[in-house]
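Engineer: Sharing a structure below in structure tokens format, with a few things to ask.
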Amino acid sequence: DVKVTQSSRYLVKRTGEKVFLECVQDMDHENMFWYRQDPGLGLRLIYFSYDVKMKEKGDIPEGYSVSREKKERFSLILESASTNQTSMYLCASRLPDSGNTIYFGEGSWLTVV
Amino acid sequence: LAKTTQPISMDSYEGQEVNITCSHNNIATNDYITWYQQFPSQGPRFIIQGYKTKVTNEVASLFIPADRKSSTLSLPRVSLSDTAVYYCLVGDLTGGSYIPTFGRGTSLIVHP
């Protein structure tokens with residue numbers, strides 16, 4: 001079974017802090033994604049990566065950056081956390097040509113105070 | 001990218017069949033239709049996928065009419081544990097350029 005692991009389940013950070021959300025997948029998937037989920041808004045795509053060292057902006061990239069130095073790891077970075085970035089963050093991975101089967105992590109609940 | 005439209009919410013009772021319809025009027029020839037289920041505080045998980053006609057697995061059935069402009073997820077005899085948000089995705093599966101775009105989903109509440 002594919003496993004997507006998000007390192008932190010719950011975090012509380014202060015405004016202005018730099019925040020790292022780590023995601024690791026164990027199935028050699030090329031594609032990885034970061035979404036945020038807010039009540040009533042569904043999942044919104046922040047950034048995605050087709051392969052190592054590649055990254056593309058999603059629908060709401062402002063205030064975020066990403067890093068993909070190794071194939072299995074995709075990190076989401078909040079350069080200077082703000083209260084409007086309080087949300088649940090979901091990491092996902094997918095093998096190209098495997099269909100629409102996307103595997104998600106359990107989510108990271110971030111509160112910025 | 002094909003846009004999808006689903007009802008925001010639905011209510012049902014235990015033991016009933018639930019049908020959730022997704023509209024995707026501008027679906028492309030290479031697009032597949034996939035449904036995901038999300039429980040509170042968890043990531044979404046794959047339920048079922050189809051291209052045309054009908055697909056059935058141990059969890060659900062997916063009905064796709066000939067024009068493919070809509071699809072219906074059917075959950076037989078729902079239980080309380082089927083309370084979740086259901087997402088419909090439409091996209092071209094070929095190659096790595098497909099970007100999974102989720103809408104707001106349908107929140108299904110199953111009552112005792």
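The values are calculated or read from the model by the stated rules, or taken from the named source; none is laboratory data. In this text, all values refer to a predicted model and were calculated from it rather than measured experimentally. Heads up, the Cβs are rebuilt from the backbone with ideal geometry, glycines too, and the neighbour counts pull from every protein chain shown. For the accessible areas, the whole protein counts, side chains as well, though only heavy atoms, and no ligand, DNA or RNA atoms are used. Shrake-Rupley method; radii C 1.70, N 1.55, O 1.52, S 1.80 Å.
Engineer: Among (1) within 7 Å of chain B (Cβ to nearest Cβ); (2) closer than 12 Å to A:Gln37 by Cα; (3) of a type in the set (Ser, Thr, Tyr), where does A:Tyr89 come up short?
Structural biologist: (1)
Engineer: Could I ask something else about it? Which condition from (1) open to solvent by 50 Å² or more (accessible area, probe 1.4 Å); (2) closer than 22 Å to A:Leu41 by Cβ; (3) not in a loop (DSSP other than H, G, I, E, B) is the one that B:Thr101 breaks?
Structural biologist: Here B:Thr101 clears every test but (3).
Engineer: Can I ask one more? Could you check B:Tyr86 against (1) under 20 Å from A:Arg36 (Cβ atoms); (2) modelled with pLDDT of 90 or more; (3) assigned to a loop (DSSP other than H, G, I, E, B) and say which number it fails?
Structural biologist: Failed condition: (3).
Engineer: Can I ask one more? Of everything in segment B:1-44, what is surrounded by fewer than 17 Cβ atoms within 10 Å (Cβ to Cβ), at the interface with chain A (Cβ under 10 Å from one of its Cβ atoms) and more than 19 Å from A:Gly40 (Cα to Cα)? Give them in sequence order.
Structural biologist: Matches in segment B:1-44: none.
Engineer: For a quick check of your reading of the model, give me the residue pairs whose first member lies in segment B:98-111 and is within 7 Å of chain A (Cβ to nearest Cβ), whose second is surrounded by fewer than 17 Cβ atoms within 10 Å (Cβ to Cβ) and of a type in the set (Ser, Thr, Tyr), with beta-carbon atoms closer than 9 Å and at least 6 apart or on different chains.
Structural biologist: B:Gly103/B:Thr5
Engineer: Also, quick follow-up: Out of B:Arg77, B:Arg68, I need the residue that is surrounded by 17 or more Cβ atoms within 10 Å (Cβ to Cβ), of a type in the set (Lys, Arg) and farther than 20 Å from A:Glu106 by Cα. Which one?
Structural biologist: B:Arg68
Engineer: Out of curiosity, is B:Gly96 on the phi > 0 side of the Ramachandran plot and modelled with pLDDT under 95?
Structural biologist: When the stated conditions are applied, B:Gly96 does not pass them.
Every residue, every condition in (1) under 26 Å from B:Gly105 (Cα atoms); (2) in contact with a Gly (Cβ under 6 Å, 6 or more places away or on another chain); (3) open to solvent by less than 50 Å² (accessible area, probe 1.4 Å), yes or no:
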{"site": "A:Gln6", "(1), (2), (3)": "yes, yes, yes"}
{"site": "A:Phe20", "(1), (2), (3)": "no, no, no"}
{"site": "A:Trp34", "(1), (2), (3)": "yes, no, yes"}
{"site": "A:Gln37", "(1), (2), (3)": "yes, no, yes"}
{"site": "A:Arg44", "(1), (2), (3)": "yes, no, no"}
{"site": "A:Tyr50", "(1), (2), (3)": "yes, yes, no"}
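Engineer: Okay, next question. When the residues of segment A:91-111 are filtered to those that are in a strand (DSSP E or B) and open to solvent by less than 10 Å² (accessible area, probe 1.4 Å), which remaining residue is modelled with the lowest pLDDT?
Structural biologist: So, considering only residues that are in a strand (DSSP E or B) and open to solvent by less than 10 Å² (accessible area, probe 1.4 Å), the one modelled with the lowest pLDDT is A:Arg94.
Engineer: Can you tell which of A:Glu56, A:Glu72 is more than 28 Å from B:Ser9 (Cβ to Cβ), free of Cβ contacts under 8 Å to residues at least 60 places away in the same chain, loosely packed, with under 15 Cβ neighbours inside 10 Å and of a type in the set (Asp, Glu)?
Structural biologist: When all the criteria are applied, what remains is A:Glu56.
Engineer: Considering segment B:55-71 alone, what residues qualify as being in contact with a Leu (Cβ under 7 Å, 6 or more places away or on another chain) and over 17 Å from B:Ile109 (Cα atoms)?
Structural biologist: If the condition is that a residue be in contact with a Leu (Cβ under 7 Å, 6 or more places away or on another chain) and over 17 Å from B:Ile109 (Cα atoms), then B:Val55, B:Leu62, B:Ser71 are the ones that fit.
Engineer: Looking at segment B:61-71, can you tell me whether even one residue there is of a type outside the set (A, V, I, L, M, F, W, C) and within 13 Å of another protein chain (Cβ to nearest Cβ)?
Structural biologist: Within segment B:61-71 (the criterion being of a type outside the set (A, V, I, L, M, F, W, C) and within 13 Å of another protein chain (Cβ to nearest Cβ)), the answer is yes, since at least one residue qualifies.
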